[in-house]
1. Could you say whether any residue in the range 235-249 is more than 13 Å from Arg423 (Cβ to Cβ), open to solvent by 10 Å² or more (accessible area, probe 1.4 Å) and within 15 Å of the ligand (Cβ to nearest atom)?
2. Could you tell me how many of the residues in the range 203-232 are under 22 Å from Arg305 (Cβ atoms) and either among the acidic types (Asp, Glu) or open to solvent by less than 10 Å² (accessible area, probe 1.4 Å) (or both)?
3. Filter the range 349-370 for residues that are small (Gly, Ala, Ser), surrounded by fewer than 19 Cβ atoms within 10 Å (Cβ to Cβ) and in a loop (DSSP other than H, G, I, E, B) and give the result.
4. Any residue in the range 52-63 that's without any contact (Cβ under 8 Å) to a residue 12 or more places away in the chain: show its pairings with residues that are loosely packed, with under 15 Cβ neighbours inside 10 Å at Cβ separation under 6 Å, as long as the two are six or more apart or on different chains.
5. What do you reckon, is Glu45 surrounded by fewer than 17 Cβ atoms within 10 Å (Cβ to Cβ) and more than 16 Å from the ligand (Cβ to nearest atom)?
6. So which residues in the range 201-224 are within 16 Å of the ligand (Cβ to nearest atom) and free of Cβ contacts under 8 Å to residues at least 60 places away in the same chain, if there are any at all?
7. Are any residues in the range 152-192 β-branched (Val, Ile, Thr) and within 10 Å of the ligand (Cβ to nearest atom), and if so, which ones?
8. Among the candidates Val110, Val91, single out the residue that is within 14 Å of the ligand (Cβ to nearest atom) and touching a Lys or Arg at 6+ places or on another chain (Cβ under 6 Å).
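The values are calculated or read from the model by the stated rules, or taken from the named source; none is laboratory data. This one's a predicted model, so the numbers in the text were calculated from it and none came from an experiment. Ideal geometry is used to build each Cβ from the backbone, glycine not excepted, and the neighbour counts take in all protein chains shown. Please note that ligands, DNA and RNA were not included when accessible areas were found on the heavy atoms of the full protein model with its side chains. Shrake-Rupley method; radii C 1.70, N 1.55, O 1.52, S 1.80 Å.
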Amino acid sequence: MASKQGSKSQKKKGKEVKKETGLGLTNKKNDNFGEWYAEVVVSGEMIEYYDISGCYILRPWAMAIWENMQVFFDAEIKKMKIENCYFPLFVSESILQKEKDHIEGFAPEVAWVTKSGQSDLEVPIAIRPTSETVMYPYFSKWIRGHRDLPLKLNQWCNVVRWEFSNPTPFIRSREFLWQEGHTAFATKDEADQEVLDILELYRRIYEEYLAIPVVKGKKSELEKFAGGLYTTSVEAFIPNTGRGVQGATSHCLGQNFAKMFQIVFEDENREKALAWQNSWAYSTRTIGVMIMVHGDDKGLVLPPRVAAVQIIVIPVPYKDANTEAIYDACTSTVNTLTEAGFRVKSDLRDNYSPGWKYSHWEMKGVPLRIEIGPKDLANKQVRVVRRDNGAKQDISTEGLVMNVKEILHNVHDNMYNTAKQKRDTCVKIINTWEEFVVALSEKKLILAPWCDEEEVEKDVKTRTKGEMGAAKTLCTPFDQPRLPEGTLCFASGKPAKKWTYWGRSY
Ligand code: 86X
């Protein structure tokens, strides 16, 4: 009687546990992408929703990814002799207004502090939406002669943009983390070169760390940073929504800001000259793109080079097995792999079943799972299961480190290749307006011959307006296919100047 009751309550408890922990996603990526995304960021323990719209808590699982990218990027920019610094969060109204022209369009997004306690501040203080106006007065002060150049600064910080269009975790949030680089040179050539060097680092973050293919290119006049001379970017694509997403930007500002902020130096001939400036940034949006591209119906799928935990070791102690020996094997596996430089953890909790743990760590996207059961122990092996494709293989304890290294490499390559294949099947080369409209409705990443005229891009925007949002240029890729002589612009019928990517975007 007692044992019957016991097993009954055990069963009931099992059900309750499942309900409480909510293992498994209720939304499917291909059925309702938006809800799938909103669910996976929480169930994967990246995000917790907050009580201020557009603001999100970044949990350690997300922050670790940010930090892993940061380690790479920070080391690379230091090799380029760029120095880190930190400027204040607050901007006075007079300084922010100094650069009216470029602020104008952004003004509604600026957040202001107007009170301390119950009393109004004498003058309201803005919170930085970006730091040009914060930093450049001091560039002006610090740059005197050509020996003060180049001045190359970067800061890792938060910024606030009070957006009103639908917020999306990581992709469009009101506060986000980024690095912003601000540099000044004596010559345009140096500035031009740096724009591309930084853009290459952004490409590497996406391709080598996040396993996401991107297109490097130049922004159109309409889409560039209005305060600058030209804007380059890396562009990613989300096949499920058919939207492009700007992955990071590297701007050549020319001498516009130098004029506004009097960033002037005396050159070798003792003549006054305006500095040439760049600015560049990537943000926590990178993490959102990663989730959207790689995630699946079981949850997150993390690329090994950024994952907080690359390998999760799970004991599988069948009835009557030597539990202690299995747990010891797990611990020694963790130690061996940790010493070899991997980020690895074991899940030895005894109040969860192995199956529950499998689902849990799959939801969190850990690239590799190692299972150790009695049979593995007897055969001096472990079972390795890949998150990206579910492939299982048994590996001898002896060759563990070498094999895991190779498998993680393969996981990265497979994730990149799969993402590239999916993106490439979405690319549609078109020549006419009719083809353009069809491709847009089919959520394609459109490559079209274009006359490169601002008015024509505006016209395309108007002609494609709708609840899904208008189409715009994503970038003109540096890597240009051949443009046959006599090719006409798909939208205006004028002679085409270049191939340009078009689509809806985030
Ligand atoms: C544009 C330009 C630039 C440094 C970068 O893209 C890289 C890092 N900045 C940022 N931008 C604004 O200038 C801006 C200004 C205000 Cl006042 C605002 F509220 C929002 C903004 N958004 C973008």
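1. For the range 235-249, residues more than 13 Å from Arg423 (Cβ to Cβ), open to solvent by 10 Å² or more (accessible area, probe 1.4 Å) and within 15 Å of the ligand (Cβ to nearest atom): present.
2. Total satisfying the criteria: 8.
3. If the condition is that a residue be small (Gly, Ala, Ser), surrounded by fewer than 19 Cβ atoms within 10 Å (Cβ to Cβ) and in a loop (DSSP other than H, G, I, E, B), then Ser353 is the only one that fits.
4. Ile57/Glu48; Ile57/Tyr50
5. Taking the combined requirement at face value, the residue does not satisfy it.
6. Passing the criteria: only Lys224.
7. The answer is Val159, Val160.
8. Val91
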